[in-house]
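The values are calculated or read from the model by the stated rules, or taken from the named source; none is laboratory data. Source: prediction; values computed, not measured. Cβ placement follows ideal geometry from the backbone for every residue including glycine, while neighbour counts extend to all protein chains displayed.
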Amino acid sequence: MPRRESLSERGWGPASIEIMTSAVATLTGEAIETRAGRSTDVALAAAGDGSAFERIYRAHVARIHSLTRRMLGTDMADEVTQDIFVRAWLKLGTFRGESAFSTWLHRLAINIVIERRRSLALCRERTIDDPTVLELATVPAARADLRVDVEHAIEQLPPGAREVFVLHDVEGYKHREIAEMLEVATGTSKRQLHRARLLLREQLG
């Protein structure tokens, strides 16, 4: 089997990340390649084809970067997105095709995002069950461009509320799944989502 080139050998760095969307109108509508093409590239990349992996990267980077930006903020989005694709490259051999590759990659991304939040000691702050804590959260005044404004408002949500909002309302996970991923009670997930929606409504009018 040919040796895989590392991502650094191929000259990939944070600057190579192409942010293809920032509008809320496309939160769940990012384009992906055809299923046949995706399957072929995944098989080639798993066999060590760096060009095939680069095509995978370009096909999925917009959605993954959007996820990391919404859950972690703009400052960390490039670094964590890069980490996700490095891990995906290293773990391609574990993909068995039991689900769509995009599903596998997305779950890997969520796991890495959660891992990063825990490494920053933010996990326990956002799992507090006392709903009065959320009453202290505020969101800055709205900006002129509505599409950019919604993205900005999401970034300003309290960490726990932001995570649950992105996972539930943007990514489509159920509260039971979110509770399992974040290791919180289902009721906590529901309360965080409710508060996130209230804050966004106040922010956007």
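I need every pair where a residue in the stretch 153-176 that is within 23 Å of S119 (Cα to Cα) has its Cβ under 8 Å from the Cβ of a residue that is modelled with pLDDT under 90 and among the small types (G, A, S), sequence separation at least 6 or different chains.
Listed by first residue and then by second, the contacts come to E155/G73; L157/A137; P158/A137; A161/A137.
Per-residue answers, yes or no, for (1) at pLDDT 90 or above; (2) touching an Asp or Glu at 6+ places or on another chain (Cβ under 7 Å); (3) surrounded by fewer than 17 Cβ atoms within 10 Å (Cβ to Cβ):
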| site | (1), (2), (3) |
| --- | --- |
| R3 | no, no, yes |
| V24 | no, yes, no |
| A52 | yes, yes, no |
| K91 | yes, no, yes |
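Among the numbered criteria (1) in a helix (DSSP H, G or I); (2) surrounded by fewer than 16 Cβ atoms within 10 Å (Cβ to Cβ), which one does G172 miss?
(1)
Checking E125 against (1) assigned to a helix (DSSP H, G or I); (2) over 12 Å from the mean Cα position of the chain (by Cα); (3) modelled with pLDDT under 90; (4) over 26 Å from R201 (Cβ atoms), which test does it fail?
Tallying (1) assigned to a helix (DSSP H, G or I); (2) over 12 Å from the mean Cα position of the chain (by Cα); (3) modelled with pLDDT under 90; (4) over 26 Å from R201 (Cβ atoms), E125 fails exactly one: (4).
Looking only at the stretch 42-92, filter to residues that are of a type in the set (D, E) and part of a helix (DSSP H, G or I); which one of those is farthest from F165 (Cα to Cα)?
Among those residues, the one meeting the criterion is E54.
Of the residues in the stretch 94-122, how many are at pLDDT below 90 and outside any helix (DSSP H, G or I)?
Here the count works out to 7.
Return the only residue of V42, V61 being over 21 Å from E177 (Cβ atoms), over 20 Å from the mean Cα position of the chain (by Cα) and modelled with pLDDT of 90 or more.
On the way: V61 fails: over 20 Å from the mean Cα position of the chain (by Cα).
Sole residue among the options that is over 21 Å from E177 (Cβ atoms), over 20 Å from the mean Cα position of the chain (by Cα) and modelled with pLDDT of 90 or more: V42.
Residues E163, E151, E155, E135: which one is modelled with pLDDT under 50, of a type in the set (D, E) and in a helix (DSSP H, G or I)?
Only one candidate qualifies: E135.
Return a yes/no flag: does the stretch 155-162 have any residue that is over 22 Å from A77 (Cα atoms) and surrounded by fewer than 20 Cβ atoms within 10 Å (Cβ to Cβ).
No, the stretch 155-162 has no match at all.
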